[in-house]
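Below is one structure, written out as structure tokens; the observations come after it.
Bear in mind these aren't lab numbers, they're just calculated from the coordinates by the rules spelled out. Quick caveat, the model's predicted, so the values are computed rather than measured. Please note: Cβ atoms are built from the backbone with ideal geometry, for glycine as well, and neighbour counts cover all protein chains shown.
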Amino acid sequence: MNPTQEFFHSITRRHFFRRAGMGLGTAAAASLLGPATLLGDQNESDTAGGLPGLPHFTPTAKRAIFLFMAGGPSQMDMLDYKPQMDEFYDKDLPESIRQGQRLTTMTSGQSRFPIAPSKYKFQQYGESGAWVSELLPHTAKMVDDLAIIKTMQTEAINHDPAITYICTGHELPGRASLGSWLSYGLGTLNENLPAFVVMTASWTGRQEAQALYNRLWGSGFLPSKHQGVALRSQGDPVLFLSNPPGMAPTTRRRMLDSLARLNEATFDTWGDPETQARIAQYEMAFRMQTSVPELADIRDEPQHVLDMYGPDVNTPGTFAASCLLARRMAERDVRFVQIFHRGWDQHANVAGDLPKQCRDVDQPCWALIQDLKQRGLLDDTLVVWGGEFGRTIYCQGKLTKENYGRDHHPRCFPVWLAGGGIKPGIVHGETDDFSYNVTENPVHIHDLNATILHCLGIDHRRFSVRVQGLDVRLTGVEEQRPVKAILA
């Protein structure tokens, strides 16, 4: 992002709109009449904003939904069946399996690392023969819609660096998030809603969950207008969306027009692209006063659709309610939606907490995929499910046949994808008998992000931003590639 180029690019846009007679107030008023008024008749390739030359090639997905299970779901209790472990109950993890891999401080002081086989039953489902735990009966019904990757890998071993890594491509804070990259590169398909929306759902498992910081959906070094907008479950869906008492919409409009003129004068003087970002954010906030309440009002949803998502769908802030809103956003062409579901950090009491977490998400995930499919949206909507790492086969704390705990494990964990551009009904990769190491087809989290970008028409190697003298990419500097085996 070169400030000089941004300056002249902004001048060109501003002069064009002035010559076309589209003042800021006129544009805002037109947007309130509907997308067609503002953007004209659109086809699938029409966008507002974005970079010249993007997408690099024809995308298979127009939009994406990332269902993020924050805390590290236990793969051997859910999607990575390891029946051989029954014979190893309470035996120490062999050093030949651990191979000197580092441990967290939560278990590094243990005198031994006893194997804890999963207490849950598994069955094979679908044409792919995917093994799925009894904890995920709805996921089991849709394995033929999914590409399940069993062999995700990361270098991060603690929550905040690991979540930051997968969301921004770097373990240290300060980088732009995936949704911000997509907003910056591809622009928006709906001028009345943000290109990037985030929801943090409630959960019923272990309540002592890791914090989620808004930098996980921040724009980092990109213009601030590309940061994710958090949708809340109480009060205004977006903070300060409503006008304060006594302020009429016409008064707000006059105030924004006056403020825009002041900001334009500041931009003409200093040429800071962030000034234009500030103008764009004010205008978006004005348009959202109409579009967001309509989005969040689910009273027009048929009862059979609500039933599909399960009983929690009518409780604002639940994962089920968030998934339904994600589908409504997909209908309205929001570019990227990310739902964070916390509480997956089962260091103890797997038997008590993990079933609750799975009940929170299993039916809504299935409903989201089926709902998108029935509406013809799954073909061009990419859906991704996964966490920041997996769990250990050995027990943390007290081990019994009926309960156990598991520590963090970064060397192998599952992710599934569905929809736009993904080959359905396949299982990719394999792990060893202990679900500790990858034995076939490892997939790095950079490969996952490269795959997501690929489905949206972006070659990750050609998508970078100059920051402090470096060409920074979401997928880092090492050789990464999309996972071709799961691409349709």
Inset, instruction - Count neighbours as other Cβ atoms within 10 Å of each site's Cβ, and list the GluC sites (Glu not before Pro) in segment 434-488 that are DSSP loop with at most 10 such neighbours. - result: E478, E479
Inset, instruction - Determine the percent antiparallel among the DSSP beta bridges restricted to the chain, to the nearest 5. - result: 50
Inset, instruction - Pull out a ≥ b ≥ c, the square roots of the eigenvalues of the alpha-carbon gyration tensor of segment 402-488, then state rounded if a/c is under 1.5, prolate if not and a/b is larger than b/c, and oblate in the remaining case. - result: oblate
Legend entry - Estimated dipole of the chain in Debye, rounded to 20 [Cβ of Lys and Arg +1, of Asp and Glu -1, Cα centre]: 1020
Legend entry - Inter-site label distance for Q468 and T290 at 7 Å from Cα along Cβ, in nm: 4.4
Inset, instruction - Would you mind classifying segment 304-454 by shape? Square roots of the alpha carbon gyration tensor eigenvalues, ordered a ≥ b ≥ c; an a/c under 1.5 is rounded, otherwise it is prolate if a/b is larger than b/c and oblate if not. - result: oblate
Inset, instruction - State whether segment 176-273 is rounded, prolate or oblate according to the following rule on the C-alpha gyration tensor (a ≥ b ≥ c being the square roots of its eigenvalues): a/c under 1.5 gives rounded; otherwise a/b larger than b/c gives prolate, and the remaining case gives oblate. - result: oblate
Inset, instruction - Find how much the distance from Y89 to D272 grows on full extension, using 0.36 nm per residue of separation minus their present alpha carbon separation; answer in nm with one decimal. - result: 59.6 nm
Inset, instruction - Arrange the peptides 310-319, 192-201 so that the one whose residues have, on average, the most other Cβ atoms within 10 Å appears first. - result: 192-201, 310-319
Legend entry - Mean Cβ count within 10 Å, highest first, over the residues of peptides 252-259, 442-449, 405-412: 405-412, 442-449, 252-259
Inset, instruction - Calculate, for Q101 and A265, the FRET efficiency according to 1/(1 + (r/R0)^6) with r their C-beta to C-beta distance and R0 56 Å; round to the nearest 0.05. - result: 0.45
